[in-house]
Amino acid sequence: MTAILLSHPSYKDYLRILKPDSMDYGDLISSLPDEVLGKILSLIPTKLAVSTSVLSKRWRNLLFLVDNFDLEDSATSSDAFSDFMEKTVALFNTLPIKRLSVNGNYKTSLVNRWIHTALQRGCLELNLQCKYGHSMDIKILSGNKLVKLTLSDGIELEGDVPHEGTVYFPALRTLSLGALVADPELYTWLISGCPMLEELFIRDGGDDWRPTWTRSVSSESIKRLTICFHVPDDTWAYQEHVLIKTPSLVCLDYSALVSQGYYIDDMEALVEARLDLRLWESTTIYDYEVEGDSEHVFDHVFGNVTILVVGIRNVKTLHLSAYSIEALHFCCDSMPVFNGLRHLSIESDKEQGWQSLPYLLENSPNLQTLVIKGLLHRVSSRCGDACCCISSKKKDRESSCLWACGVKVLEISGYGGSYRELEQMRHFLGNLKCLETVKIGVEEDNNNNNNLQANLMTLHRASSKCNIQFI
């Protein structure tokens, strides 16, 4: 029995907390009280916990002290395990259950019965990861104590849309929704019917041709919102405007192909935003300006993120993917002023340009920290003077956006020491006049680390306070 439990890391960690100086786990296990052993069994997969009751009389009744059930289906013996759950644990409906997680191809009737039993026993967290689809009536999920609910891809919600004002989840704080199958009105109610909801995670798209998310989130209570919406086969799913009405939102994480437009209420409380906005087509044909060229030449590029960007202008911390840098240039009519922005973090990719970076720096007057993951990007005349790719003639006739930038901390990760990267660092150090700290993370497999560091240390620095650190 000890060997079975010691094979799971959660059990060993628990024992170290109880008796950190002892290595005699065999003696220790026999002296632990039933309540402690019940907590230990709650930390391991339920099938492993069940095996302890089969192999030892000492453990036979301890299973009923378990308050955390992790029911993960395997390719074998699922029917036998289901029968065991039905004949034992499911019959003991007087003891509390804190968490129920179901992941597998169990019979719908059994899963619904387990859910009903768990909620009757005061379940706080329900996690349904049914790999092969699962149908349930929305009424099954009603629970006054449920705090966290996760519904994964393929789950089909059935039943009538509750009457307006109906609250099934008065205590729910966290809701995670995969690519469900549900009536749009029922889906919308699932979000709006949670008056205490603080965290909402939406992941939709992929192989399902018909996304369930209604492109709308409206909640007075949500503080953290994560949306991942990718249906790359056609723009039809993005013709509708995205509506986000969340006045209490503190953190936004939005990843999707750009939509036709957005309706965004001002997010006065927003502190942090992470955007991964992807264009529908390559924009390499616009890399170099020609005589008489103007910004309107790419007006036909699908999508408009202007209102979305304006809606997040109060953020203090902003993270942008390499795709977003391009999307902000081609799909944003004008760059707002980010007066509160202190920390800007961007990712760079050799296939994507830096077109909007100059505008971001110019419109962030109080920026203190600039973090860049990788320095290589697609060379383009539209990068402006944030990078060293433009011609020297153009540099001479334009004031650099870096000169007036108040950035004090510059962090570079994934530095490889190539000629282009070295020149980009020369450009940053020679133009950022307020720099105090430069942190450079060198690629782990770089075999020329000493020379790389030596080359960087010889670069001219516009700021006499600038200190270079290698991390």
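Structure above, values below:
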quantity	calculated
Of residues in the stretch 434-471 being among the hydroxyl-bearing types (Ser, Thr, Tyr) and within 17 Å of GLN368 (Cβ to Cβ), the one farthest from the chain's Cα centre (by Cα)	SER463
Of all residues in the stretch 116-145 being among the hydrophobic types (A, V, I, L, M, F, W, C) and farther than 21 Å from GLY104 by Cβ, the one that is modelled with the lowest pLDDT	ILE138
Hey, SER364 assigned to a strand (DSSP E or B) and in contact (Cβ under 8 Å) with a residue 12 or more places away in the chain or not	no
Within the stretch 247-297, tally of residues that are at pLDDT below 95 and of a type in the set (Val, Ile, Thr)	6
Qualifying positions in the stretch 146-171 - among the aliphatic types (A, V, I, L, M) and farther than 22 Å from LEU110 by Cβ	VAL147, VAL161, VAL167, ALA171
The lone exception for THR226 - which of (1) touching a Cys at 6+ places or on another chain (Cβ under 9 Å); (2) surrounded by 21 or more Cβ atoms within 10 Å (Cβ to Cβ); (3) β-branched (Val, Ile, Thr) it fails	(2)
For SER221: the one exception among (1) out of contact with any Gly (no Cβ under 7 Å at 6 or more places or on another chain); (2) in a strand (DSSP E or B)	(2)
Selection status of VAL161, modelled with pLDDT of 90 or more and surrounded by 15 or more Cβ atoms within 10 Å (Cβ to Cβ)	no
Selection status of PHE201, of a type outside the set (Gly, Ala, Ser), touching a Leu at 6+ places or on another chain (Cβ under 8 Å) and not in a strand (DSSP E or B)	no
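The values are calculated or read from the model by the stated rules, or taken from the named source; none is laboratory data. All values reported here derive from a predicted model rather than from experimental measurement. Every residue, glycine among them, receives a Cβ derived from its backbone with ideal geometry; neighbour counts consider all protein chains shown.
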